[in-house]
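Any read-out appearing in this document is the output of simple, stated calculations on the displayed coordinates, not a laboratory observation. Remember, it's a predicted structure, so these values are computed and weren't measured experimentally. Because the Cβ atoms are built from the backbone with ideal geometry, glycine has one as well, and the counts that use them run over all protein chains shown.
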Amino acid sequence: MDARRNWPDLPDANGRFGAYGGRFVAETLMPLVLDLERAYRDAQADPAFAAQMSDFLRDYVGRPSPLYFAERLTEHFTKIAEAEGLGGAAKIYFKRDELNHTGAHKINNCLGQILLALRMGKTRIIAETGAGQHGVATATVCARFGLPCTVFMGATDIERQKPNVFRMKLLGAEVRPVTSGAATLKDAMNEALRDWVTNVDNTFYIIGTAAGPHPYPELVRDFQSVIGREARAQILEKEGRLPDAVMACIGGGSNAIGLFHPFIADESVRLIGVEAGGRGIDERFEHSAAINGGRPGVLHGNRTYLLQTEDGQILEGHSISAGLDYPGVGPEHAYLNDIGRAQYLSATDDEALAAFQLCARLEGILPALEPSHALARVGDVAKELGPGGLIIMNLCGRGDKDVFTVADSLGVTL
């Protein structure tokens, strides 16, 4: 096993990852986020909480998720590399979190947060969602524990994610359409925060990504780190060593930070996130690549990289993927980028569509459009590493929800 170096215990006491993170919230909300932090610290110190989480992750979520060698995809990129005179390509493994209950990584975090809500005596749950996977996961745990659930979802996303909207309703959730702005994820999060301010006494807000005011980026990361812990142990068992790179798509970045975090201290392991390049990263901002095409600012309670105008007005992100069209990124990713510990690439809509189809035809797996962005760059990294290299890519969601979007983009009538 590679030697590990000391790594700072972040966030700090103020919820900061270097210059990023923090708590930028209305005075009304400050007592709630402070109560949440106290409840989380108590839960961290309670063996019963850890045991409860472990039981539910195993018996309800279906963990551990498999680490799967994508043999045909590896062969595909190996042939391309050989044709280009590069000698070969790295082995590609999928961390198959799309096999979790509800079809994505989101359930890991929702389970942890609803158990915190129960510890705090909250009786109502709210959430925001873009692609619908976080909404489905929240509705699922609310059904399991018998709590009412309201999910805020942009009207644009409701239209392009109809299967997930119906799933949420079947699970008993109220799906509340949001029509402001571009009617997508940013706007849904705005409305959820407004609801939270109005219903401070009984309501717990389950945030779906590793963003928002402290302690959300930390606790979401911690609940999602089960992905990286499993992957680390599984690759050591299968290959006898750590991977050369771990890769994940990144919008807000919960699946990526969940994979990255257990590898952060392993300097030999490259951490690679792939943002949504939309129609191309240029001055038109028809993308959602906050790190590659944005600059630091404050949104939704934390300081991070954002898509914004020169005078600080937040822009509307674009992506073919409803789960990636957020104009910001989690603050820990902003920090990892600035210090050079992680690398953030991008992939366009067209590249993600091509990767979606390639994975389906070579591996018999329909990936969600979100991880299809990481798939679009995995071949480049595999060729760069060459034969003998190892890559783990987080296949964080399945593509059932996206088949109508893909069909429409390809001009196919269903």
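Some observations on this one:
- Residue that is buried (at least 24 other Cβ atoms within 10 Å of the Cβ) and in a strand (DSSP E or B), where the choices are TYR305, TYR326, TYR344: TYR305
- Test: residue in segment 85-98 that is surrounded by fewer than 14 Cβ atoms within 10 Å (Cβ to Cβ) and either closer than 30 Å to ALA127 by Cα or not aromatic (Phe, Trp, Tyr) (or both): yes
- Listed by position, the strands (runs of 3 or more DSSP E) enclosed by segment 139-220 that each have at least 3 residues that are over 18 Å from LYS106 (Cα atoms) are 174-178.
- Each residue in segment 80-114 was checked for being under 29 Å from PHE204 (Cβ atoms) and not in a strand (DSSP E or B), and 17 pass.
- Restricted to segment 1-15, and to residues there that are in contact (Cβ under 8 Å) with a residue 60 or more places away in the chain and not aliphatic (A, V, I, L, M), the residue that is surrounded by the fewest Cβ atoms within 10 Å (Cβ to Cβ) is ASN6.
- Residue within segment 279-286 that is touching a strand residue (DSSP E or B) at 6+ places or on another chain (Cβ under 7 Å), in contact (Cβ under 8 Å) with a residue 12 or more places away in the chain, buried (at least 24 other Cβ atoms within 10 Å of the Cβ) and not hydrophobic (A, V, I, L, M, F, W, C) present: no
- Residue match in segment 379-389 (condition: of a type outside the set (Phe, Trp, Tyr), part of a strand (DSSP E or B) and crowded, with 21+ Cβ neighbours inside 10 Å): no
- Test: residue in segment 27-35 that is assigned to a helix (DSSP H, G or I), among the hydroxyl-bearing types (Ser, Thr, Tyr) and either at positive phi or surrounded by fewer than 19 Cβ atoms within 10 Å (Cβ to Cβ) (or both): no
- Condition broken by LYS186, with the remaining ones in (1) buried (at least 24 other Cβ atoms within 10 Å of the Cβ); (2) out of contact with any Lys or Arg (no Cβ under 7 Å at 6 or more places or on another chain); (3) closer than 27 Å to GLN44 by Cβ satisfied: (3)
- Extreme residue, surrounded by the most Cβ atoms within 10 Å (Cβ to Cβ), among residues of segment 196-226 that are within 21 Å of ALA322 (Cβ to Cβ) and touching a strand residue (DSSP E or B) at 6+ places or on another chain (Cβ under 7 Å): GLY208
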